[in-house]
Amino acid sequence: MKRRTTLVLTGVLAAALTVPALADNLEDSKAKFEEAVQSVMTTDNHLMMEEGITFDIPEAQGTAEELEELDDSNSAKWHYYEYIDWDESEDAEFPASPADGSIGKHVISIVHGAHAWTTCYMEAFEQACEAVGMTVDIYDPNWDQSVQDGYIDQAINEGPDAIAVIPLSADHARQQFKNITDAGIPAFCTNTTPAADAMNYILAYTGPNDWYQMRNLGAALGEKLGGKGGVAYITHNVGGSPYYARLYGPMTELADKYPDIKTLDIQSPGFEAAAVKQVVSDWITKFGDELNAIVLADDSDQAIGTAEAIEAAGRDDIIVVAAGISKQGAELIQAGKLYMASYQSCQADAGLCVRTIAQFFNGEEIPRVSYIKTDLINQENVESFLPCQW
């Protein structure tokens, strides 16, 4: 645990030093911020802390209850999953920015669980905090909801200047962030999207726009298939925001643009390569030539298991796309075993969160929702995204 010391000034000396000191700290913080956002790079040589992307929210085509009755392949059904569409009139009273600079501020970051991606994210978060003069403690609950809740309580008791959370559950996020905001601590949500009403207790959400990038991936797959064929899906963990985005994002995009493309099956075997290999092998046996493409929620172990099953079956005609991008995914793209992957930078994910927190402390206006940039990676441009971040 990092330790901090605080110098307490009293009386005339405090009155004489406080205002100039605050002004100097703010100006120094702004200068440090500008240097950081223009110079801190990801390991694949892209800016780590660049400005996020914002999107306008379209009007929903019905209430949440009405939309739930629609077919899964109808993009309108997923409006409240895709968009953080909350009623701002119900916002809590958020802590005001001290507007005295990011230098010297202490942040607690609570992630979701152990994974190579998470390790990369945590290291980037620490690097970005250091670049803007903040310190950070990071807690990892290892995918346990009750442990994450306990860490949030612990963080609140420690009284940091801000708390950032990757919520394990979208639905449970509201209570988590309510606890933080009610304690008067600025709350930031990062990476996984919360349920919409949780935003009433969140100063800002930053992270990937999974739906946007997966729709782009689905459109590219539909074009590659020539608008016809059968597609099967391997999902993310059931119930989390990546599950919905990485399944129904490409599925609804294909249904909208390429109605002759058919969904063959959906399976959730997890992230073990062997389990995924068995599912894909069973698909090849069951569907034969009807199986033309596979969409994966992960381009590492899921992609490895898929590639092994396809090779073992002697099939070289199945097009595989995935959410990415990992070292394994990049290697599979280079080898021609993975057609395309989406670019989702874990380092930029951390960087955008830290950027937003620093802007808040510097007294700047921050967007309530902003997303990291994305791209589509294939054999033609994969070299531009190496070495991979994780």
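When both residues are 6+ apart or on different chains and their Cβ atoms are under 9 Å apart, which pairs have a first residue that lies in segment 263-276 and is in contact (Cβ under 8 Å) with a residue 40 or more places away in the chain, and a second that is assigned to a loop (DSSP other than H, G, I, E, B) and of a type in the set (Ser, Thr, Tyr)?
Thr263/Ser73
Looking at segment 174-187, can you tell me whether even one residue there is free of Cβ contacts under 8 Å to residues at least 60 places away in the same chain, not in a loop (DSSP other than H, G, I, E, B) and not assigned by TED's automatic domain parsing to the domain that holds Ser146?
The answer is no; no qualifying residue exists.
If you go through segment 364-387 one residue at a time, do you hit one that is of a type in the set (D, E, K, R), within 20 Å of Asn216 (Cα to Cα), touching a residue at least 24 places away in the same chain (Cβ under 8 Å) and surrounded by 21 or more Cβ atoms within 10 Å (Cβ to Cβ)?
No, segment 364-387 has no match at all.
Which of the numbered conditions does Asn292 fail, given that it passes all the others? Conditions: (1) among the polar types (S, T, N, Q); (2) assigned to a helix (DSSP H, G or I); (3) more than 16 Å from the chain's Cα centre (by Cα).
(2)
Of the numbered conditions (1) touching a residue at least 60 places away in the same chain (Cβ under 8 Å); (2) assigned by TED's automatic domain parsing to the domain that holds Phe33, Val321 fails exactly one; give the number of that condition.
(2)
Could you list all residues from segment 77-109 that are of a type outside the set (Ser, Thr, Tyr), out of contact with any helix residue (DSSP H, G or I) (no Cβ under 6 Å at 6 or more places or on another chain), exposed (fewer than 15 other Cβ atoms within 10 Å of the Cβ) and not in a loop (DSSP other than H, G, I, E, B)?
Across segment 77-109, the qualifying residue is only Glu88.
Please state which one of Asp161, Asp171, Asp153, Asp182 is at pLDDT below 95 and not hydrophobic (A, V, I, L, M, F, W, C).
On the way: Asp161 fails: at pLDDT below 95; Asp153 fails: at pLDDT below 95; Asp182 fails: at pLDDT below 95.
Matching residue, one of Asp161, Asp171, Asp153, Asp182: Asp171.
Could you grab me the full set of residues in segment 178-196 that are touching an Asp or Glu at 6+ places or on another chain (Cβ under 9 Å) and farther than 19 Å from Thr54 by Cα?
Result: Asn179, Thr181, Ile185, Pro186.
Using beta carbons and a limit of 8 Å, which pairs, at least six apart or on different chains, have the first residue in segment 237-249 and without any contact (Cβ under 8 Å) to a residue 60 or more places away in the chain and the second one in a helix (DSSP H, G or I)?
Within 8 Å, the pairs are Asn237/Tyr243.
Among the residues that make up segment 80-102, is at least one of them of a type outside the set (Asp, Glu) and without any contact (Cβ under 8 Å) to a residue 24 or more places away in the chain? If you could, list the steps in order and put the result at the bottom.
Initial filter on segment 80-102 (of a type outside the set (Asp, Glu)): 80-81, 83-84, 86, 89, 92, 94-99, 101-102.
Next, only the ones that are without any contact (Cβ under 8 Å) to a residue 24 or more places away in the chain stay: 89, 96.
The answer is yes, given that some residue of segment 80-102 is of a type outside the set (Asp, Glu) and without any contact (Cβ under 8 Å) to a residue 24 or more places away in the chain.
Where residues in segment 1-45 are at pLDDT 50 or above and outside any helix (DSSP H, G or I), which of them is surrounded by the fewest Cβ atoms within 10 Å (Cβ to Cβ)?
Out of the qualifying residues, it is Asn45.
With (1) surrounded by 20 or more Cβ atoms within 10 Å (Cβ to Cβ); (2) of a type in the set (Asp, Glu); (3) outside any helix (DSSP H, G or I) as the list, and Glu253 as the residue in question, which single condition is left unmet?
Going through (1) surrounded by 20 or more Cβ atoms within 10 Å (Cβ to Cβ); (2) of a type in the set (Asp, Glu); (3) outside any helix (DSSP H, G or I) one by one, Glu253 breaks only (3).
Can you tell me which residue within segment 230-261, out of those that are out of contact with any helix residue (DSSP H, G or I) (no Cβ under 8 Å at 6 or more places or on another chain) and modelled with pLDDT of 95 or more, is nearest to Lys77 (Cα to Cα)? So that I can check it myself, show each step before the final result.
Taking segment 230-261 first, the residues out of contact with any helix residue (DSSP H, G or I) (no Cβ under 8 Å at 6 or more places or on another chain) are 238-240, 243, 247, 259-260.
When the remaining residues are screened for being modelled with pLDDT of 95 or more, the result is 247, 259-260.
Details: Leu247: 13, Pro259: 17, Asp260: 20 Å.
Applying the filter and picking the extreme gives Leu247.
Quick check on my filter: what residues within segment 194-219 are farther than 23 Å from Gly351 by Cβ, assigned to a helix (DSSP H, G or I) and within 16 Å of the chain's Cα centre (by Cα)?
Ala196, Arg215, listed by residue number.
Just checking, how many residues over segment 210-229 are among the small types (Gly, Ala, Ser) and surrounded by fewer than 17 Cβ atoms within 10 Å (Cβ to Cβ)?
So the answer is 2.
Quick check: is even one residue across segment 61-76 within 18 Å of Ala204 (Cα to Cα) and not aliphatic (A, V, I, L, M)?
Just the residues of segment 61-76 that are within 18 Å of Ala204 (Cα to Cα), to begin with: none.
Scanning segment 61-76, I find no residue that is within 18 Å of Ala204 (Cα to Cα) and not aliphatic (A, V, I, L, M), so the answer is no.
The values are calculated or read from the model by the stated rules, or taken from the named source; none is laboratory data. What you see is a predicted model; the values in this text were computed from it and never measured. Ideal geometry is used to build each Cβ from the backbone, glycine not excepted, and the neighbour counts take in all protein chains shown.
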